[in-house]
1. Of everything in the stretch 95-117 that's touching a residue at least 60 places away in the same chain (Cβ under 8 Å) and assigned to a loop (DSSP other than H, G, I, E, B), which residue is farthest from ligand 2 (Cβ to nearest atom)?
2. Just name the residue that is farthest from ligand 3 (Cβ to nearest atom) out of those in the stretch 268-293 that are touching a residue at least 60 places away in the same chain (Cβ under 8 Å) and of a type in the set (A, V, I, L, M).
3. What is the number of the single condition among (1) closer than 16 Å to residue 304 by Cα; (2) in a helix (DSSP H, G or I) that residue 175 does not meet?
4. If residue 393 satisfies every condition in (1) of a type in the set (Gly, Ala, Ser); (2) away from ligand 2 (no atom under 16 Å from the Cβ); (3) surrounded by 23 or more Cβ atoms within 10 Å (Cβ to Cβ) but one, which is the exception?
5. Quick one: in the stretch 140-167, which of the residues that are outside any loop (DSSP other than H, G, I, E, B) and of a type in the set (Lys, Arg) is surrounded by the most Cβ atoms within 10 Å (Cβ to Cβ)?
6. Kindly provide the set of residues from the stretch 25-46 that are within 15 Å of ligand 1 (Cβ to nearest atom) and among the aliphatic types (A, V, I, L, M), ordered by number.
7. Please return the ranges of helices (runs of 4 or more DSSP H) entirely within the stretch 223-318 where 1 or more residues are in contact with a strand residue (DSSP E or B) (Cβ under 9 Å, 6 or more places away or on another chain) and more than 16 Å from ligand 2 (Cβ to nearest atom).
8. Only residues in the stretch 39-56 that are more than 14 Å from residue 220 (Cβ to Cβ) count as the first member; pair them with residues that are in a loop (DSSP other than H, G, I, E, B) and near ligand 2 (Cβ under 7 Å from one of its atoms), Cβ under 8 angstrom, at least 6 apart or cross-chain, and list the lot.
Amino acid sequence: MRLVLVLGDQLSPDLTALQKTDKSNDVVVMAEVADEASYVPHHPKKIAFTFAAMRKFAESLRSDGWTVAYTKLDDPDNSGSITGELLRRAEEYDAAGVVYTEPGEWRLIEALGDLPIKSHSLPDNRFIASHDEFDDWADGRKALRMEYFYREMRRKTGLLMDDDQPEGGKWNYDHENRKPAPDEVSFGGPMQFTPDETVQEVLDLVAARFGDNFGSLEDFWFATDAGQAKRQLAHWLKGGLPKFGDFQDAMLGDNRFLYHAVIGLYINAGLLDPLEVCQRVEEAYKSGDAPLNAVEGFIRQIVGWREYVRGIYFREGPDYTRRNQLNAQRKLPPVYWGGETKMRCMERTVAQTRDEAYAHHIQRLMVTGNFALLAGIDPSEVHEWYLAVYADAYEWVEAPNVIGMSQFADGGIIASKPYISSGNYIKKMSDYCGDCAYRVQDKTGEDACPFNLLYWHFLDRHRERFSENGRMGNMYRVWDRMDEEKRKTILSEADDFLDRLSAGEAV
Ligand code: FAD
Ligand code: DLZ
Ligand code: SF4
């Protein structure tokens with residue numbers, strides 16, 4: 001007999017490791033272990049979601065006829081690591097070896113590769129592109145732009161294709177998807193599930209063991225099995241998808257979810273299949289229940305961005321998370337851990353992150369990500385923060401989004417220019433600025449929005465790298481045309497702000 005490892009983000013019945021082994025002979029190993037629960041200080045809701053979903057998946061495997069050797073976090077024999085549990089179970093069952101599906105993190109791939117027992121790694125087929133397919137596309141290209149990869153994936157899946165042409169004549173309808181925050185949101189947000197006995201037991205365990213981690217465990221409502229996740233998907237398809245495109249980039253202080261699907265955590269853990277999700281979304285278009293801009297925009301996020309970032313993570317190798325091409329060295333300031341701040345946009349985004357283990361894409365990119373990039377915060381600290389605080393965060397997807405897309409620390413593999421903006425973008429897309437102690441229209445002075453000061457400071461200190469970038473020339477021309485005194489004031493006020501930030505002051 002062999003052991004079959006199933007990790008906390010591999011909760012799919014069609015996982016290759018389960019498909020290629022034999023339930024009448026082999027034993028599934030699942031383990032809640034201290035190593036996985038603390039390689040970063042995960043949000044307590046993320047840990048609770050993982051453990052609850054693992055326990056329910058183990059039960060469903062048992063009902064399906066599998067023998068499952070499941071280790072709970074507080075089992076006295078728990079060795080504390082995945083490899084430790086595999087060795088312990090190998091002895092217990094006198095196993096001939098272990099079969100596993102490739103994990104989504106180099107750290108675990110390396111640890112499993114070093115196991116002193118016979119082991120066999122299988123590809124993770126829950127993605128649309130294999131590593132080889134991504135590499136075939138990437139090899140020899142000067143720039144790896146997502147848009148071209150996305151078109152390949154549309155052709156491969158047939159999603160929104162009209163023979164070999166894109167539905168509606170265009171590949172991308174993004175220009176229709178940038179509407180500012182609406183006055184009213186017609187969708188009530190994700191479906192919320194009352195904790196059952198399994199979830200409650202996990203919540204008690206997590207409160208006792210991880211109650212000091214950043215993040216609230218109150219009001220836990222995530223789906224924790226495939227059936228619940230499917231109900232959330234159906235709920236969003238009806239109420240959220242039709243306007244998903246229009247308000248994809250909008251932000252509201254009192255509405256945390258707008259028209260977002262809030263299914264990333266379920267897809268990444270294996271509770272929902274990404275291709276099936278896209279097919280359901282395409283059906284909504286075909287039946288006239290959702291417009292093309294929403295449907296194409298959503299499908300692009302999954303078969304485009306999600307597949308593309310995974311390809312980059314595995315292509316770039318284990319040192320990717322340590323890249324720091326802009327040499328940013330500042331420590332992550334306390335505001336990211338809920339420290340006091342006068343910046344309303346940061347306060348709102350961090351508060352919702354603390355409460356929900358969730359923020360949507362533009363909050364992650366243009367508020368917390370933008371601020372870290374402008375303030376020159378060490379990207380490895382930024383990376384660890386994002387990996388810790390979001391329920392959907394696993395390194396294969398988080399690192400390219402943070403190190404690459406958001407912090408430009410990979411030197412431009414993912415982003416052709418840094419995602420930076422002054423306060424004006426946040427003002428246009430949100431209702432934050434109206435309630436802020438800073439004034440978004442002020443470029444200098446005591447009340448000037450910090451994003452305004454830091455924006456020019458960033459451009460000025462990285463002039464050598466970016467002034468020749470065709471897409472940034474305009475920004476430098478505006479800066480160069482500015483009155484010299486004004487430029488000096490902006491830079492010195494930005495320096496003051498950064499000094500206060502580094503000193504741990506509430507800014
Ligand atoms: P929706 O806005 O409804 O989007 C639909 C789906 O598209 C998501 O569920 C997700 O599966 C996929 N998707 C959208 N954008 C991306 C993307 N850039 N990369 C990969 N998948 C995408 N996503 C994660 O899954 N895990 C992360 O750790 C993560 N970290 C991020 C860090 C930063 C700095 C940024 C800018 C983005 C990050 N994203 C991450 C991408 C995106 O923000 C989340 O997938 C999304 O917010 C999840 O919420 P949702 O399910 O409501 O998504
Ligand atoms: C995120 C997570 C946590 C918090 N705990 C566990 C765990 O105890 N056992 C487990 O098998 N997986 C856990 N996970 C998910 C893993 O960290 C994930 O499989 C790797 O990061 C690879 O993506
Ligand atoms: Fe954020 Fe500046 Fe607007 Fe305040 S004024 S909410 S700091 S963008």
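1. 96
2. Looking at the filtered set, the residue picked out is 275.
3. Here residue 175 clears every test but (1).
4. Only one criterion is unmet by residue 393, namely (2).
5. Residue satisfying both the conditions and the ranking: 154.
6. Listed by number, the list holds a single entry, 40.
7. On the way: elements: 226-239, 241-244, 264-269, 274-286, 292-299, 307-316.
Of the helices (runs of 4 or more DSSP H) lying wholly inside the stretch 223-318, those with at least 1 residues that are in contact with a strand residue (DSSP E or B) (Cβ under 9 Å, 6 or more places away or on another chain) and more than 16 Å from ligand 2 (Cβ to nearest atom) span 292-299.
8. Sorted first by the residue in the stretch 39-56, then by its partner, the pairs are 54/8; 54/32.
The values are calculated or read from the model by the stated rules, or taken from the named source; none is laboratory data. Worth saying up front: this structure is predicted, and the values here are computed from it rather than measured. Positions of Cβ are generated from backbone atoms using ideal geometry, with glycine treated the same way; all protein chains shown enter the neighbour counts.
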